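What follows is a short report on a single structure.
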């Protein structure tokens, strides 16, 4: 059997992959990388793995999800009281990306270990809201908002940039698979379909609040320029995240729907998204 000829584009593809990994690892290319496991929590071609494999959709969805999470008083207060987000924003994003990767693609044992560590951390995060109400990061309802903000944002990022024609049945399956993670993290309620996700989002509206701190964090996130990441690209990603927010969330955070600037931002992120999918294909 003839030996396959090397693809002349492999050096370019590898260079792109290394640059992306460096951006997610605080400017450094990791020496080792765990390959996707055949014994992960989810099958190789399942919706959750397809959604979470799209780098551009996940970057945009990650920012959108953070914006939404900051509208919940307890989620916001936990960040203010316990996180060094402002001093180590890129590190926070890196650790979150690692957790998502392990629980989606890693061996199921590693996924369960990572989830157990997060649950242990949540049990230690307690405090008091400005109005005197006690809060806990382990509260199932607070975790439910964090979960729905994250899940809906990742799916929206994928629908906008990778699979706008994803069948509704696959979107439902994505939520059902994410519910496995949500329940393991003790979130309640967690949606198992698009319809349930939309209903839970509506239900939470009365519990969300706007605040100076939430708006400040939103502006801080928009101004972040990760090491090794072109500033223009980060601005385009942030603009897309703002565009995908529900109107009520943009209003509460003091953000404005991008106007004419949304067109070049979307063109930029879509073009790079196609390049990343080409470069990082398995």
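The values are calculated or read from the model by the stated rules, or taken from the named source; none is laboratory data. A quick note: this is a predicted structure, and the numbers were derived from the prediction, not measured. Ideal geometry is used to build each Cβ from the backbone, glycine not excepted, and the neighbour counts take in all protein chains shown.
Filtering segment 78-125 to residues that are modelled with pLDDT under 85 and either farther than 23 Å from residue 59 by Cα or surrounded by 14 or more Cβ atoms within 10 Å (Cβ to Cβ) (or both) leaves 85, 89, 90, 92, 93, 94. Scanning segment 27-45 for residues that are in contact with a helix residue (DSSP H, G or I) (Cβ under 8 Å, 6 or more places away or on another chain) and modelled with pLDDT of 50 or more yields 33, 34, 36, 37, 39, 40, 41, 42, 43. Of the set (1) touching a helix residue (DSSP H, G or I) at 6+ places or on another chain (Cβ under 7 Å); (2) farther than 30 Å from residue 256 by Cα; (3) at pLDDT 55 or above, all apply to residue 63 but (2).
Residue-wise test of (1) over 11 Å from the mean Cα position of the chain (by Cα); (2) over 14 Å from residue 143 (Cβ atoms); (3) not in a helix (DSSP H, G or I).
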| position | (1), (2), (3) |
| --- | --- |
| 63 | no, yes, no |
| 75 | yes, no, no |
| 78 | yes, no, no |
| 84 | yes, yes, yes |
| 87 | yes, yes, yes |
| 90 | yes, yes, no |
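Residue 176 falls short on exactly one of the conditions (1) touching a helix residue (DSSP H, G or I) at 6+ places or on another chain (Cβ under 6 Å); (2) free of Cβ contacts under 8 Å to residues at least 40 places away in the same chain, and that condition is (1).
Screening residue 135 with (1) in contact with a strand residue (DSSP E or B) (Cβ under 8 Å, 6 or more places away or on another chain); (2) part of a helix (DSSP H, G or I); (3) surrounded by fewer than 21 Cβ atoms within 10 Å (Cβ to Cβ) gives one miss only, at (2). Here residue 142 passes the criteria (1) more than 24 Å from residue 244 (Cα to Cα); (2) buried (at least 16 other Cβ atoms within 10 Å of the Cβ); (3) touching a strand residue (DSSP E or B) at 6+ places or on another chain (Cβ under 9 Å) except the one numbered (1). When residue 48 is tested against (1) under 19 Å from residue 137 (Cβ atoms); (2) at pLDDT 95 or above, exactly one condition is not met: (1). Scan segment 115-130 and give yes if some residue there is in a helix (DSSP H, G or I) and within 17 Å of the chain's Cα centre (by Cα), otherwise no. Checked segment 115-130: at least one residue is in a helix (DSSP H, G or I) and within 17 Å of the chain's Cα centre (by Cα).
Right, residue 147: on the phi > 0 side of the Ramachandran plot and either in contact with a helix residue (DSSP H, G or I) (Cβ under 6 Å, 6 or more places away or on another chain) or surrounded by fewer than 17 Cβ atoms within 10 Å (Cβ to Cβ) (or both) or not? Answer is no for this residue. A single member of 177, 156, 206, 235 is loosely packed, with under 14 Cβ neighbours inside 10 Å and part of a helix (DSSP H, G or I), and it is 206.
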